[in-house]
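A short worksheet on the structure shown next.
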Amino acid sequence: MWLFLAFMSAVLLGCYDSFKKQALKGNAVIPVLFLNTVFSSFIFLPFIILSSTTTLLDGSTFYVASGGWEVHKYVVLKAVIVLSSWILGYFGMKHLPLTIVGPINATRPVMVLVGALLVFGERLNVWQWIGVVLAVVSFLLLSRSGKKEGIDFRHDHWVYMIVGAAVMGALSGLYDKYLMAPVSEGGVGLDRMFVQSWYNIYQCGMMLLVLLMLWWPKHKETTPFHWAWAIVGVSLFLSTADFLYFYSLSLPSSMISIVSMVRRSSVVVSFLCGALFFHENNLRAKAFDLALVLLGMVFLYIGSR
């Protein structure tokens, strides 16, 4: 069950990336991201209110547990990490082809493994090392593909932003493991709906400050904002994908390493959308690079069983 949920999350995440690319097309990044946090908050706010004021959701999948600052502080940090990843990722996504961004994001499981190696003291086996090497090789080949489109991976700050977003996303994955692991296993033991609902609320407040302090004073001098229905699609697909992701992690037999890798297979959906709907170039070379990333994920899967 948890593996099926992870695959469904991956498909929706690929759609999320595609809608995000469309929403950012010729659009101001900060208000788009702010509206995404607003709509995501609207999705979960009813669950928070109903859970705290009625017994309607008691014992259900959508029940949001209550808690004081001693648990909310962990979610605030989660919001800071995710929002940092989103800000970097949104700016990079706007200026780079989807068929470049997707394979870079697909290297996140490798970053999670390296993070587990450094933070949790885990040791990689031969299969996992092969997966890491394949991911590194695919990244180098992807940089060659990018040069054909005038993208220099060593000097392009948009590429650095996507890589930074991937690093912060990997850090978020490791932090999720810590947040939802039982206290007996060294975690915080937070409820998945509590984490997902409140970190969206906190992100919305943070993005409002960013909007008012950084974008609004100079909005007439920068890229103008225009409404696009794809903005709503971004929030819907992401919220549903994250809900399935957290739900899969909450099941007793689930493995964070496998879920993380399956989730990154969303790159297949976003790659196809980049080819079919955005008519991006140099697809044959990028497809080979993507195949290497996916092969690396297979080796990571074998090594993590």
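The values are calculated or read from the model by the stated rules, or taken from the named source; none is laboratory data. The model shown is predicted, which means the values in this text are computed figures rather than measured ones. All Cβ positions, even for glycine, are placed from backbone atoms using ideal geometry, and neighbour counts span all protein chains on display. To get the accessible areas, we keep the full protein, side chains included, count just its heavy atoms, and leave off ligands, DNA and RNA. Shrake-Rupley method; radii C 1.70, N 1.55, O 1.52, S 1.80 Å.
See the values below:
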read-out: Residue pairs meeting the criteria (Cβ under 7 Å; at least 6 apart or on separate chains; first free of Cβ contacts under 8 Å to residues at least 24 places away in the same chain, in region 47-59; second open to solvent by 90 Å² or more (accessible area, probe 1.4 Å)); value: Leu50/Leu56; Ser52/Ser66
read-out: Leading residue by the ranking (modelled with the highest pLDDT) among those in region 93-102 that are assigned to a helix (DSSP H, G or I) and over 13 Å from the mean Cα position of the chain (by Cα); value: Lys94
read-out: Any chance Val232 is within 22 Å of the chain's Cα centre (by Cα), of a type in the set (A, V, I, L, M), open to solvent by 20 Å² or more (accessible area, probe 1.4 Å) and over 25 Å from His72 (Cβ atoms); value: yes
read-out: Residue match in region 209-216 (condition: surrounded by 13 or more Cβ atoms within 10 Å (Cβ to Cβ), more than 15 Å from Ala79 (Cβ to Cβ), touching a residue at least 24 places away in the same chain (Cβ under 8 Å) and more than 22 Å from the chain's Cα centre (by Cα)); value: yes
read-out: Neighbours by Cβ (under 8 Å, 6+ apart or cross-chain): first from region 141-152, without any contact (Cβ under 8 Å) to a residue 60 or more places away in the chain and in a helix (DSSP H, G or I); second open to solvent by 60 Å² or more (accessible area, probe 1.4 Å) and of a type outside the set (Val, Ile, Thr); value: Ser143/Arg154
read-out: Restricting region 271-293 to residues that are part of a loop (DSSP other than H, G, I, E, B) and touching a residue at least 24 places away in the same chain (Cβ under 8 Å), the residue that is least open to solvent (accessible area, probe 1.4 Å); value: Glu280
read-out: Test: Leu56 is open to solvent by less than 30 Å² (accessible area, probe 1.4 Å) and either closer than 30 Å to Glu221 by Cα or outside any helix (DSSP H, G or I) (or both); value: no
read-out: Out of Tyr90, Tyr63, sole residue that is touching a residue at least 12 places away in the same chain (Cβ under 8 Å), aromatic (Phe, Trp, Tyr), surrounded by 15 or more Cβ atoms within 10 Å (Cβ to Cβ) and assigned to a loop (DSSP other than H, G, I, E, B); value: Tyr63
read-out: Met213 vs. criteria modelled with pLDDT under 85 and among the hydrophobic types (A, V, I, L, M, F, W, C); value: no
